[in-house]
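The values are calculated or read from the model by the stated rules, or taken from the named source; none is laboratory data. This one's a predicted model, so the numbers in the text were calculated from it and none came from an experiment. Backbone-built Cβ (ideal geometry, glycine too); neighbour counts: all protein chains shown.
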Amino acid sequence: MNIFQLPPDLLQNIVLRTLVSEPDVVADDEQPQRRDAFPQSTHHNIGGVRGLACTICIQATFNDIDEQKAHYRSDWHRYNVKANLVRKPILSEAQFANALADLSDSISGSASSESDDASEDEDRVAGALRRAHISSATEDGDEMAGRASIPRTALRWFHSAPNTQIGIYNAVFPLKMDEKEYVTELKRMQEHPSEDGRLWTMLMIAGGHFAGMVVRVTQAKEEKSAPAGKTKGKHKLPDYEVALHKTFHRYTTRRKQGGSQSVNDNAKGPAKSAGAQLRRYGEQALRDDIRNLMAEWSEDIAASERIWIRANISNKRIFYDYEDAAFAKNDERLRTFPFPTRRPTQTELLRCLNELLHAKTTHFSEDELREQDAQALAALPKPKPAPIVNPQSTKPKPKPEVPTLTKEQETLKNLWERLLDMTRKGRLDPLIALWEKAGSSIGGVDAHVPSWVEGDDAGWTLLHIASAASQEAVVKWLLEDMGADPTTTINLDASEEVGTSTKTHNYGKTPYEVSGSKGTRDVFRRLAGVYPDKWDWLGDARVPSVLSKEMEEEQDTKKKVRRKGLKEKIKEREEKTKNSAPVEEDTEDVAPTPPGGLQVASGPQKLGGASTTSGIMGLTPEMRARLERERRARAIEARMQSTKP
């Protein structure tokens, strides 16, 4: 069934079919009723008498046309129409009366005064809609708010009473259409927009293959309106007519690997092979061929109602990323194929055209459709419950105030940052030069890092920083030359001002306790032995023991003895291994050597000397043949030597 040639009987009662996403609306004094997934026909059999009914309101039936028209002007009907457009529950007459019980006047002038302004009526209906929605949400609880949204499909379904449904692809219709306009647009599609009929342009490009076609999907007016007698006995006119078509192919992709050459060049750099040069030439030629073809078809493309294109992002630029392009990137006529496609060929274009032009047809009764809607709604994934938000947690946390520094503090801050950086990196010579130049301005070598210096070193001293960074030379210079106090601990008062510091576990420790290596700790122990009376090393400095020169020499001697013992053990082990290996002696009888120096072998023997099968096991046939040739060569040399006088 061609979507541009639908039968008039089908279009007479056709309505848009939508899936219900709201819970059923049940009146207090009525049985539970489910709203249909599609608007019902305006004619129903009620009590055996054919009557009239509203397509929106629940149980709204009428005896004549005048009563039906009066209902269409009522507040109840106008409210349900607006609720249906925004996918809200449809209210019965009793529910609507309860929702308006607290209102003293009618929200519409249809029942009280026909002279009221239409805009005021709209505002009142909108206000009642909001009020009813709030009350409905309160009664239904979180079930209404937790409804899952219905996924959108590629097909738009229509229903024609009594049991015919047709599906048309959404991409055929104009963009951003309201649901109530689909039926009008479908009826308008049966008309002819121009004398030459309706044109579509279809373009495909992938893997160096291109296929294009301009097709007339509706016949011209003269052909459509031709008398039936003139076409009698002839074949039926086709649903479409191909006006222009073209296909060609260029070598642009690497075989068995995929991907164009330009993509590979952008990812890995330009390749220098001959195949890469051919593929680059193919891409350029393909681009030129397509753009020349678009220039030839520019008039037909401009007259096309739809432009269907299948291409990736880089290939799409071939069509519109240049001057005098046949269509722009944001052209409203552009569409992508809403179903999978194969290699671009003329046959594939015709298949896609038939898929777009022919509507999908089903024949289900209204009861079967309701059952299908119920199953579809039951299969929807349940939405996750909304998280309970603590009102106190939503309050923004106050940001820590950044102290405003004076010019003097800014200068000291820069000085501290340079000193800390040199200390951590062990740059002793620049550190000494900087200290001699401006070290006195920070308050001495035992001064603690201020809290307004960036980083998490607030409360630390330079000796702490050097010890934690395992800079032995800097630690020795600070202790021996600068007289830094090893008993100084990290200042707790300064650390309290830095609440986000990552070194909170080190507060109150001495430089020795934060040292990062054994060599750094030995520097403290060594200086404790050289200057035992200068500081309380074993007490306040928390150095466990003193390391003197005699102790270091003794430790070195022990290490040498230990190394010598290890070497001797290794030698003894090697000698035992040699002695324990058995010496195999050849106890076989050796036959006397005959004159000439040749040995007489017993039994058959290959040329080139004796050999065992174990020597050639595991060798390839080529290696075995090579060994055989070498043996024969040696045998020949031996015979020649024996024949010499």
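Some points to look at:
- Test: residue 334 is crowded, with 16+ Cβ neighbours inside 10 Å and modelled with pLDDT under 90: no
- Test: residue in region 152-173 that is free of Cβ contacts under 8 Å to residues at least 40 places away in the same chain and either among the β-branched types (Val, Ile, Thr) or more than 19 Å from residue 352 (Cα to Cα) (or both): yes
- Residues of region 44-95 that are outside any loop (DSSP other than H, G, I, E, B), at pLDDT 80 or above and among the hydrophobic types (A, V, I, L, M, F, W, C): 65, 70, 76, 81, 83.
- Flag if residue 189 is touching a Phe, Trp or Tyr at 6+ places or on another chain (Cβ under 7 Å), at pLDDT 70 or above and among the hydrophobic types (A, V, I, L, M, F, W, C): yes
- Exclusive hit being at pLDDT below 90, assigned by TED's automatic domain parsing to the domain that holds residue 338 and not in a strand (DSSP E or B), set 153, 184, 231: 231
- Long-range neighbours under 9 Å by Cβ, at least six apart or interchain, first residue within 18 Å of residue 480 (Cα to Cα) within region 428-446, second acidic (Asp, Glu): 432/481; 445/485; 446/485
- Restricting attention to region 344-371, the residues being at pLDDT below 90 and in a helix (DSSP H, G or I) number 6.
- Lone unmet requirement of (1) at pLDDT below 80; (2) in contact with a helix residue (DSSP H, G or I) (Cβ under 7 Å, 6 or more places away or on another chain) for residue 14: (1)
Yes/no per residue for (1) surrounded by 13 or more Cβ atoms within 10 Å (Cβ to Cβ); (2) more than 45 Å from the chain's Cα centre (by Cα); (3) within 24 Å of residue 524 (Cα to Cα); (4) of a type outside the set (A, V, I, L, M, F, W, C):
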{"site": "404", "(1), (2), (3), (4)": "no, no, no, yes"}
{"site": "412", "(1), (2), (3), (4)": "yes, yes, no, no"}
{"site": "423", "(1), (2), (3), (4)": "yes, no, yes, yes"}
{"site": "429", "(1), (2), (3), (4)": "no, yes, yes, yes"}
{"site": "440", "(1), (2), (3), (4)": "no, yes, no, yes"}
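- Scanning region 297-304 turns up at least one residue that is at pLDDT 90 or above and within 27 Å of residue 153 (Cα to Cα).
- Only listed residue being surrounded by fewer than 16 Cβ atoms within 10 Å (Cβ to Cβ), among the polar types (S, T, N, Q) and modelled with pLDDT under 85, chosen from 225, 260: 225
- Selection status of residue 417, at pLDDT 85 or above, under 20 Å from residue 511 (Cβ atoms) and in the same structural domain as residue 515 (by TED's automatic domain parsing): no
- Figure legend. Inter-residue proximity from region 510-532: first residues within 15 Å of residue 481 (Cα to Cα), second residues of a type in the set (A, V, I, L, M, F, W, C) and in a loop (DSSP other than H, G, I, E, B), beta-carbon distance below 7 Å, spacing 6+ or different chains. Indicated pairs: 524/543; 526/547; 528/537; 528/543; 528/546.
- Restricting region 596-628 to residues that are exposed (fewer than 10 other Cβ atoms within 10 Å of the Cβ) and not small (Gly, Ala, Ser), the residue that is modelled with the lowest pLDDT: 600
- Apart from one condition, residue 322 fits all of (1) hydroxyl-bearing (Ser, Thr, Tyr); (2) over 28 Å from the mean Cα position of the chain (by Cα); (3) part of a helix (DSSP H, G or I); the exception is (3).
- Test: residue 267 is at negative phi, of a type in the set (Gly, Ala, Ser) and without any contact (Cβ under 8 Å) to a residue 40 or more places away in the chain: yes
- Members of region 372-396 that are surrounded by fewer than 12 Cβ atoms within 10 Å (Cβ to Cβ) and modelled with pLDDT of 75 or more: 375, 378, 379
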